[in-house]
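What follows is one structure encoded as structure tokens, with my remarks underneath.
The values are calculated or read from the model by the stated rules, or taken from the named source; none is laboratory data. On a predicted model such as this, the values are computed, not experimentally measured, just so you know. Virtual Cβ from ideal backbone geometry, glycine too; neighbours counted across all protein chains shown. Note: accessible area is taken over every heavy atom of the protein model, side chains too, but ligands, DNA and RNA are not part of it. Shrake-Rupley method; radii C 1.70, N 1.55, O 1.52, S 1.80 Å.
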Amino acid sequence: MQKPSVSKSRKWLPAGLPVMLCLCVLGSILMAAILSSNIFYSQLLFRSTTSVASVSRGQLILPHSLLNQIADLQSQVGVLLEKLHGASAESKALTTFADQLLHIATSLDKFAEALSDFYDSSSSGTNEVSTVDEDFSDPDESEINQGSDTHSFNSGEFHNYTALKPNRLIGKKNFLGVEAISPSVGLLCANMASNVDRFMGYKIYRMCPDDWDIAQKLMISGCDPLPRRRCFSKTPPRYSKPLPINSSLWSQPADTNIMWSHYKCKDYSCLVSNGTIGKRGFFKCSNCFDLSKRGWEIPTNESTSAEFTIDEVLRLKPGEIRIGLDFSPTTGTFAALMKERNVTIASATLNLGAPFNEVIALRGLLPLYLSIGSRLPFFDNTLDIVHSTLFLDGWMGLDLLQFVLHDWDRVLRPKGLLWVDRFFCKRDELKMYLDEFSRLHYKKLLWRVVPKTDKLEDESFFSAVLEKPLRS
């Protein structure tokens, strides 16, 4: 008689309840495993000697996301207990089932309480500072450029960032089709662990250190993308509202809207004064900050100048050029001229010794803070035009040039335009570079090679407007 009773009692269980129970049990086991393994830290990218549950400088490094995940498990167990409590049948099997579930819930409560006590004790008086002591002294530049080769990250906040971020409902896929988000960080960050630790040494929900210059050095050296941070960026203390778009394009930005701490120049007049030439801290695009120099508007002598005008290029595709990219050391002048012609251009540049990105934004244009080694953040076949000047030249090795050109090809739409603007190199190397452009098999719409006469070296300028072909 006992056997039918057991069978009947199982039918009283809510549908899907065993599956949910299994998930809870597996979740409990997972939580216990977290304490003895580095499950949230990506071993594929970084070989850290510090596991999630290891001791670093006297402190235990644990992801703060544990409490949230345990709370979710507690909620799911609570739902199961409520369903069992509402069941009308009283059988030995059901009673045993409820007792086991109650035991899991009690264990989770004790675990959550222990973790809560741990976080309270470890964060008291620290304002949730990461486990690395704050050290904002200037790093050894060779350490950034060459890497420390330790591959060991001591920053608790870095571990928290790189940990998998499960969805709120554990085991459920989000709209992206994944059960957890894996935060991105550059592969070569592993060679600069000590400087990444310094970058991640801040107090959570407090002011970020003014260290964008360190961040940029890391990016240029291949630690890109950098990890995100949970602190507030500093702002200019006397920031004034920006000018309206009808006047901001060609007006000098206010000094109070730029933070000058990491630049040699401490005001805008220094960026454009003849008396500061050679002392400004930058040399690429030396006249960029003089907004009175528009460029690309007056036709030039084809035998002496490699510069095409914007109108000359736009006439090649009347009404078709709407959006594009300017990858150049720039303050946005090319984008401003294109905006006057109803073309939207994103300007990709770094702050190479001067506030390039700040000035682009203050002019009402779109800055794209991007390192040379980064993949463009655009989807395939989307842009009408890619323009570049003072960037592509003879300093580039062929391997880098090939990867850059193919990435530009990727984002250009079919029949889109690649505008190579005044590429220069030594004359005896010109054919080598021109061969690389020819390998794209683009149609030549405009093409010009002229001597470069501003220096005594035997150099040449090359400019071209090329059309991307259709490919099946």
Exercise. Looking at the range 324-364, which chymotrypsin sites (Phe, Trp or Tyr not before Pro) are DSSP coil and have at most 13 other C-beta atoms within 10 Å of their C-beta?
Worked result: none
Exercise. For the range 196-299, which whole percent of the accessible surface, found with a 1.4 angstrom probe, sits on carbon and sulfur atoms?
Worked result: 56 percent
Exercise. Using a 1.4 angstrom probe with every protein chain in place, what is the largest-first accessible-area order of 259, 200?
Worked result: 259, 200
For this session: Name the residues whose placed amide hydrogens come within less than 5 Å of the amide hydrogen of residue 344, ignoring near sequence neighbours (fewer than 5 apart) on the same chain.
Result: 323, 324
Exercise. When only Cα pairs under 8 Å and 6 or more residues apart are kept, what is the percent relative contact order across the range 249-317?
Worked result: 22 percent
Problem set entry | Gap separating the Cα centres of the range 259-275 and the range 324-396, nearest whole Å | 22 Å
Seminar exercise, completed: From the cross-link list 241/284; 426/455; 293/444; 317/415, the entries with a Cα-Cα span beyond 21 Å are 241/284; 293/444
Seminar exercise, completed: By the Cα gyration tensor axes a ≥ b ≥ c (a/c under 1.5 gives rounded; else a/b larger than b/c gives prolate, otherwise oblate), the shape of the range 282-425 is rounded
For this session: Would you mind pulling out the separation of the Cα centroids of the range 405-472 and the range 208-254, in Å?
Result: 32 Å
For this session: Give a residue-ordered list of calculated ³J(HN,Hα) values for the range 311-322 (Karplus: 6.51 cos²θ - 1.76 cosθ + 1.60, θ = phi - 60°; whole Hz; x for Gly, Pro).
Result: 5, 4, 6, 5, 5, 5, 9, x, x, 9, 8, 10
For this session: Starting at the first residue of the range 394-405, write each ³J(HN,Hα) from the Karplus equation 6.51 cos²θ - 1.76 cosθ + 1.60 with θ = phi - 60°, in whole Hz, x for Gly and Pro.
Result: x, 6, 7, x, 5, 4, 4, 4, 5, 5, 5, 4
Exercise. How large is ³J(HN,Hα) for each residue in the range 466-471, as worked out from phi by the Karplus curve 6.51 cos²θ - 1.76 cosθ + 1.60 (θ = phi - 60°), to whole Hz, x for Gly and Pro?
Worked result: 10, 9, 5, x, 6, 9
Problem set entry | Placed amide H near residue 459: partners under 5 Å, 5+ positions off or other chain | 427, 452
Problem set entry | Built amide H within the under 5 Å cut-off of residue 382, gap 5+ | 412, 413
Problem set entry | residue 255 accessible area, assembled protein chains, probe 1.4 Å, Å² | 60 Å²
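At 1.4 Å probe radius, can you tell me the per residue accessible area of the range 168-283 in Å²?
Computed with neighbouring chains in place, this is 59 Å² per residue.
Can you pull out the trypsin sites (Lys or Arg not before Pro) in the range 320-367 that DSSP calls coil and that have at most 16 other Cβ atoms within 10 Å? Show your work: numbers first, answer last.
On the way: sites: 322, 339, 341, 363; in loops: 322, 341, 363.
Filter output for the range 320-367: 322, 341.
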Exercise. Taking a ≥ b ≥ c as the square roots of the eigenvalues of the Cα gyration tensor of the range 358-472, is the shape rounded (a/c under 1.5), prolate (a/b larger than b/c) or oblate?
Worked result: oblate
